[in-house]
1. Could you please find all residues in the range 114-129 being more than 20 Å from the chain's Cα centre (by Cα) and assigned to a helix (DSSP H, G or I)?
2. Output the number of residues of the range 51-73 satisfying the condition of being surrounded by 12 or more Cβ atoms within 10 Å (Cβ to Cβ) and either of a type outside the set (Asp, Glu) or outside any helix (DSSP H, G or I) (or both).
3. Any idea how many residues of the range 185-220 are within 26 Å of Met251 (Cβ to Cβ) and not in a helix (DSSP H, G or I)?
4. Take Gln21 and decide whether it is among the polar types (S, T, N, Q), part of a helix (DSSP H, G or I) and either farther than 28 Å from Pro164 by Cα or in contact (Cβ under 8 Å) with a residue 24 or more places away in the chain (or both).
5. If you go through the range 157-177 one residue at a time, do you hit one that is exposed (fewer than 15 other Cβ atoms within 10 Å of the Cβ), at pLDDT below 85 and more than 29 Å from Ala227 (Cβ to Cβ)?
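The values are calculated or read from the model by the stated rules, or taken from the named source; none is laboratory data. Remember, predicted model here, so these are calculated numbers, not experimental data. Neighbour counts are summed over all protein chains in view; Cβ atoms, including those assigned to glycine, are modelled from backbone coordinates with ideal geometry.
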Amino acid sequence: MAEPGVHYASYLQLDQLLDLQDRESEKAGRPAHDEMLFIVVHQAYELWFKQILFELDAVQGVFAADRVDDRAIGRASRALHRIHEILKLGVHQLDVLETMTPLDFLDFRDLLRPASGFQSAQFRMIEIRLGLRADDRLAYEGKSFETRLESPGRERVVEASGQPSLFDQLDAWLARTPFIELGGYRFREAYRQAMVAMLEGDIGHLTAHPTLDEAAREAEVAALRKALSRFDALFDEARHAEEAAQGAWRMSWRALQAALFINLYRDEPALQVPFGLLSLLMDIDETMTLWRYRHALMVQRMIGLKTGTGGSSGHDYLARTAERHRVFGDLFTLSTYLIPRSALPPLPEEITRRTGLSYGEGAGA
């Protein structure tokens, strides 16, 4: 007998899905029109969060291996690209939600207590699995945020906290990058010479600048010397350990050098995919920060100085999380230490050969 086939409504379980929007205002006998929008937008967020976690399963599966299959990096990058696009869509969903006015929100806001977006277990899992550490998280009423979650979401969040994050896996992967030390070549030595020469040249130009007043000249020279001092921490393991202990760096010493190397020599064929992957992680971090800022502004627009329905300080708390809840900040900081391509030390022939592509007899050999 022929298979009955799959039908649109039954495949998507639309009867169940479209029956999940229960308005508290309707139950209370004072239906609020915009509560339907509020529910739909937040349910859509949770569905997208589920997809993000599904994509993170694939990405972390690739980087869980002690030896990552190079062919799998492209798949991981495509999954990260999808996560970024979903996060961008999440920002745009706030535009839809802001078609609700503050007065419209007041029609049902008091019925939502103590519910809060803070209680989204899936969003907390996304933060944790990307690499947000408990010590970096902004305190919420002096208590661990897990206490505000319901079971079984709380158990899933606690379980995620005990597993390696994508940040941890990325750091381990970068630290194994072979090109920063190969044969007699030491990337840190060659690049440090070029960077010091450039910064010293900049200091010399400032010192001889005819139009700068003395105070401005001293300030800019001091800033350059400070940058040079911090730059040394990238190439001095003991200095890096000191600055990492003070919170200046999170990535390991070797991983930082590898990330810098990949950024500088991104045009080498073997480094193009790793560079794209690092760029995607920065895109994700940036878009999550943007989402938090937009969310904070929307909350201020909707409730002003009132506390949130979950008891937080509303806008102020959310605005501070945008700054504090960053994961891949070290990748952004590395831009401080880039020099123009024209000043880059040339790679040794052995490195160029191994980072290139070979097609045909004798090609690249």
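1. Matches in the range 114-129: Gln119 only.
2. Summing the residues that are surrounded by 12 or more Cβ atoms within 10 Å (Cβ to Cβ) and either of a type outside the set (Asp, Glu) or outside any helix (DSSP H, G or I) (or both) in the range 51-73 gives 15.
3. Number satisfying all stated conditions: 2.
4. no
5. Within the range 157-177, not a single residue is exposed (fewer than 15 other Cβ atoms within 10 Å of the Cβ), at pLDDT below 85 and more than 29 Å from Ala227 (Cβ to Cβ).
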